[in-house]
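None of the figures in this text is laboratory data; all of them are computed from the coordinates on show. Predicted model only: the values in this text are computed from it and were never measured. When we count neighbours, we look across all protein chains shown, and the Cβ atoms used for this are built from the backbone with ideal geometry, even at glycine.
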Amino acid sequence: MFPVHRPSPLTVLSLALACSALGHPSATATAATATAWWHRSPRYSHYETRRRAAAPHPLRDALPNPRLTPGALNPAVTQSDIDQTICVRGYSQSIRPPERYTERLKRAQIREYGYRDRWLRDYEEDHLVALSLGGSPTSPENLWPQPHDVVGGWGSYAKDRLEGRLHWLVCHRGLRLATAQRALAHDWIAAYQRYIGRVPNNQRLHWNGG
């Protein structure tokens, strides 16, 4: 016996719609049934979620809610010891919390922030005050689900670029540590415009300092 290959419901839907368009009366009912099935299917729900998530976040989502994420500092980092802490290559990686911690927190905070897009990959669990600038590694007050894609280009990769710039300035004595920390905690977009430029560059930057 030859194996019987059954068409998928999505294939049936496509064929039924095509036949209906050509004027076959019986195909209209088939198309309606297939369409109803498709809208009830998990695959349609998955597709719709991804379609909605593809839209950039509004500009208000570029900054964290200060009530939920005001920022928090690492007491082990001070202006006097930056040459032994944040300015040492690999320091940020050495204190970065494990992914199992940040991913669990990201899930909870996405709900807390009320984001419609629930896909973890669309966010960076960001340290508001970067690890490379003396931010707390684990405090929930210093961690928030920052969208990668925000209207105007003010997404997570632009902030990563700012963190790199501020880190360079602090370690080369062009900026006080406390000044950089306040800039990030208060309004990182304003800080970007001051220290980099008016137009954000949200291209992904391979910078692990945050």
task: Would you pull out the residues with amide H under 5 Å of residue 149's amide H, same chain only if 5 or more places away, H placed 1.01 Å from N?
output: 57, 156
task: Note the full-extension length gain between residue 138 and residue 172 as 0.36 nm times their separation in residues minus their Cα-Cα distance, in nm to one decimal.
output: 9.6 nm
- prompt: What is the spin-label model distance, in nm, from residue 76 to residue 182 if the labels are put 7 Å beyond Cα along the C-beta direction?
  reply: 2.6
- prompt: Nearest 0.05, what FRET efficiency do residue 119 and residue 206 give at R0 = 35 Å with Cβ-Cβ as r?
  reply: 0.95
- request: Please work out the C-alpha center-to-center distance from the range 131-210 to the range 55-106 and express it in whole Å.
  value: 10
field: Debye equation applied to the C-alpha atoms of the range 63-141, log10 I(q)/I(0) at 0.14, 0.16 Å⁻¹
entry: -0.50, -0.64
query: By how many nm would the segment from residue 65 to residue 94 grow when fully extended, if each residue of separation counts as 0.36 nm and the alpha-carbon distance is taken off?
result: 7.7 nm
- prompt: What Kirkwood radius, in Å to one decimal, follows from the Cα pairs of the range 71-210?
  reply: 15.2
